[in-house]
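The values are calculated or read from the model by the stated rules, or taken from the named source; none is laboratory data. Keep in mind the model is a prediction, meaning the values are calculated, not measured. Neighbour counts are summed over all protein chains in view; Cβ atoms, including those assigned to glycine, are modelled from backbone coordinates with ideal geometry.
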């Protein structure tokens, strides 16, 4: 029989000391969180009879994950980031907040500071040979009125499934733009059709997924932050109808209401009218509807740490 001591007064007092509960310095909130982490970790070790070898392998894993900077990828792959969306959905329902375009995960690959354009933008730098894409739509408020001056912050992967900044072979802010909607709430962007991608095959996230018997693939998708004065900030992304991994996304980002359809057009005149060279292109229209902000804080995105590139 395994000896269990985690709930004894002596151990609980020890954890309180470790968490700084018995001093008046530091952060009470941080102490509360650390105390709970210590208590839950101790109970897990006891209940699952974690061996010393398993424990130290886990510590080694955390070291390697940090070196690879894959923590953001892991929380997506383990469904924790999706859980945060489900939790916020439940809070909204309890508060009677409903409607609008669904939220979904941000993912770990946003970069702040992308160029700001009025009404329309070209997102690609012309070096990716992918199929040209004409991305466009409108932003509405909860009553269906177009929102002029909304900011559509959009980013997506290349045809190699990589993102600028994190992929040093791409130019700065390639496939990243911020677009201010016009007086009809419209945004327009010229880009290329992105590719889906998978976790680094030798990385620490895929290592965990392998143990879980899961793949690490994502469908092709486009990320968005949508913001406007007086409206709740929206973090979302759209996946493409017909993608092999549409409903089998390792990051669990696919949601009803967030599926876009790529309409491939073979018409040189139509391409020219949209500022695209050649004949074949993809047309993708997607509209967004925001909720009214219940407070000034809800107009802004979270303070999650993000990459920042000057330029």
request  = Give 108, 115, 129 a once-over and let me know the one that is closer than 30 Å to residue 203 by Cα and surrounded by fewer than 18 Cβ atoms within 10 Å (Cβ to Cβ).
outcome  = 129
task = Inspect all residues belonging to the stretch 286-295 and state whether any of them is closer than 30 Å to residue 233 by Cα, surrounded by 14 or more Cβ atoms within 10 Å (Cβ to Cβ) and out of contact with any strand residue (DSSP E or B) (no Cβ under 6 Å at 6 or more places or on another chain).
result = yes
query = Do we have residue 99 as in contact (Cβ under 8 Å) with a residue 24 or more places away in the chain and touching a helix residue (DSSP H, G or I) at 6+ places or on another chain (Cβ under 7 Å) here?
reply = no
message = Show me the helices (runs of 4 or more DSSP H) entirely contained within the stretch 1-83 in which 2 or more residues are surrounded by 13 or more Cβ atoms within 10 Å (Cβ to Cβ) and over 31 Å from the mean Cα position of the chain (by Cα).
response = 9-18, 28-47
query = Any idea which of 268, 253 is surrounded by 18 or more Cβ atoms within 10 Å (Cβ to Cβ) and either in contact (Cβ under 8 Å) with a residue 40 or more places away in the chain or over 30 Å from the mean Cα position of the chain (by Cα) (or both)?
reply = 253
ask   = Filtering the stretch 202-237 down to residues that are out of contact with any strand residue (DSSP E or B) (no Cβ under 9 Å at 6 or more places or on another chain) and in contact (Cβ under 8 Å) with a residue 12 or more places away in the chain, which residue is nearest to residue 275 (Cα to Cα)?
value = 229
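Going by the structure shown, is residue 171 surrounded by 15 or more Cβ atoms within 10 Å (Cβ to Cβ), closer than 28 Å to residue 129 by Cβ and assigned by TED's automatic domain parsing to the domain that holds residue 115?
Spelling it out, it is not the case that residue 171 is surrounded by 15 or more Cβ atoms within 10 Å (Cβ to Cβ), closer than 28 Å to residue 129 by Cβ and assigned by TED's automatic domain parsing to the domain that holds residue 115.
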note = residue 248 passes all but one of the listed conditions (1) more than 19 Å from the chain's Cα centre (by Cα); (2) in a loop (DSSP other than H, G, I, E, B); the exception is number (1)
